[in-house]
Amino acid sequence: MKNFLLTLLLLSFSIYGLAKNPQKHITVSDTTVYTVVDKMPEFPGGKEAMMLFIKNNIRYPDVYQESNIQGRVLISCIVEKKGILSNIQIARGIDGPLDMEAVRVISIMPKWSPGILRGKKVRVRITIPVNFKLE
């Protein structure tokens, strides 16, 4: 019974220590793609600048404008440690040409500031919305 109580007590302190400082035991990897980091990647100038970049570079196909087809394409990509976007994929699309236009615009974006985890630049998967909206 003493051994059981001692084990339970030691386990409680171990769990408390992990819960109190969960990142203490995380090893930052050069190849891992993270989704949550201390400082998320950022487009130069912030979110508003990114939306303006998309708006200024998007080419809304005429046939979709005439048919009043609107919606949001979600693009998933990785911000690499040097700020370059890679592995650009459609996470949720509307229709082929609109989806491909969203991919095109994301692929011409300038370098981002990379994500930071425990003081190191890391690879981070992000999702970028591209809105096709008639005004």
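Numbers below:
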item	result
Restricting region 100-135 to residues that are farther than 15 Å from Leu74 by Cβ and at pLDDT below 95, the residue that is surrounded by the most Cβ atoms within 10 Å (Cβ to Cβ)	Leu134
Residue match in region 20-29 (condition: of a type in the set (A, V, I, L, M) and part of a helix (DSSP H, G or I))	no
Matching residues, region 106-126, being of a type in the set (A, V, I, L, M) and either farther than 22 Å from Gly46 by Cα or in contact with a Phe, Trp or Tyr (Cβ under 8 Å, 6 or more places away or on another chain) (or both)	Met109, Leu117, Val122, Val124
Single residue of region 74-99 satisfying the filter (under 12 Å from the mean Cα position of the chain (by Cα), β-branched (Val, Ile, Thr) and surrounded by fewer than 20 Cβ atoms within 10 Å (Cβ to Cβ)) that is nearest to Asp62 (Cα to Cα)	Ile88
All positions within region 71-127 that are more than 16 Å from Lys39 (Cα to Cα), in contact with a Ser or Thr (Cβ under 9 Å, 6 or more places away or on another chain) and aliphatic (A, V, I, L, M)	Leu74, Ile75, Leu85, Ile88, Ile90, Ala91
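The values are calculated or read from the model by the stated rules, or taken from the named source; none is laboratory data. Please read these numbers as outputs of a predicted model, since none were measured by experiment. Glycine also receives a Cβ, built like all others from the backbone with ideal geometry; neighbour counts cover every protein chain displayed.
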